[in-house]
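**Q** Have a look at this one.
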Amino acid sequence: MSSTTLQLHLADEEATNALAQQLAPLVAGHTHEVAMGGRIHLHGELGAGKTHFVRALLQAVGVSGRIKSPSYALLESYKVSSLYCYHLDFYRFSDAREWLDAGFRDILQEDALVLIEWPEKAGNLLPPPDLDLHLDYAQEGRRATLHARSTKGKIWISRLNPSRPR
Ligand SMILES: Nc1ncnc2c1ncn2[C@@H]1O[C@H](COP(=O)(O)OP(=O)(O)OP(=O)(O)O)[C@@H](O)[C@H]1O
Ligand SMILES: [Mg+2]
């Protein structure tokens with residue numbers, strides 16, 4: 001199988017959107033190459049573009065209407081046909097009880113799409129993702145580094161076309 005790491009320069013928001021649009025059919029199970037759903041952890045400083053990427057991905061998957069940042073609610077949920085999507089942000093997370101109170105265990109169902117900002121703030125409550133996506137400031141744009149952490153994540157990376165999101 002191909003490489004487990006992919007690095008891209010995302011020169012502007014459009015390039016970020018293009019990467020999300022390439023990933024969308026894979027995580028939504030539209031390609032029949034991989035099972036629906038998956039788990040992505042998003043890393044990067046404040047304003048690096050984690051929420052922007054999640055919005056672009058959810059829109060490309062077919063979520064319509066407003067996609068709120070879950071910074072205060074911890075969790076926003078969506079459903080697109082049979083795909084459950086969960087967007088979490090652990091920036092303000094402080095207490096493991098919050099996790100249980102919000103019913104977060106439910107999101108760990110196998111075929112859901114789970115997108116988590118600031119996963120490092122959840123300590124070891126979270127199982128490993130299929131993909132770690134790091135966003136770093138690079139000139140005017142961003143550098144995206146994708147690390148596959150599962151077979152599914154490796155398949156996603158192998159199906160992305162690095163020349164397109166530039
Ligand atoms: N490739 C890119 N090049 C330049 N700007 C970008 C790129 N992708 C996204 N942006 C911009 O970067 C900003 C990212 O804000 P966003 O809220 O997504 O950050 P975040 O990583 O979620 O921050 P936080 O940790 O506060 O949640 C937005 O203004 C977005 O338009
Ligand atoms: Mg954010």
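What follows draws every value from the coordinates through simple rules; no lab data is involved. Everything numeric here is computed off the predicted structure, so don't read it as measured data. We place every Cβ from the backbone using ideal geometry, glycine too, and count neighbours over all the protein chains shown.
**Q** Have a look at R92, R143, R159 and point out the one that is away from ligand 1 (no atom under 12 Å from the Cβ) and among the basic types (K, R).
**A** Residue meeting the stated conditions: R159.
**Q** Also: Any idea how many residues of segment 9-22 are assigned to a strand (DSSP E or B) and crowded, with 21+ Cβ neighbours inside 10 Å?
**A** 1
**Q** Select from segment 30-86 the residues that are buried (at least 18 other Cβ atoms within 10 Å of the Cβ), within 13 Å of ligand 2 (Cβ to nearest atom) and among the charged types (D, E, K, R) and list them in ascending order.
**A** Once the filter is applied, which keeps residues that are buried (at least 18 other Cβ atoms within 10 Å of the Cβ), within 13 Å of ligand 2 (Cβ to nearest atom) and among the charged types (D, E, K, R), segment 30-86 yields K50, R55, E76.
**Q** Can you give me the number of residues within segment 133-149 that are away from ligand 2 (no atom under 16 Å from the Cβ) and touching a strand residue (DSSP E or B) at 6+ places or on another chain (Cβ under 8 Å)?
**A** Matching residues across segment 133-149 total 8.
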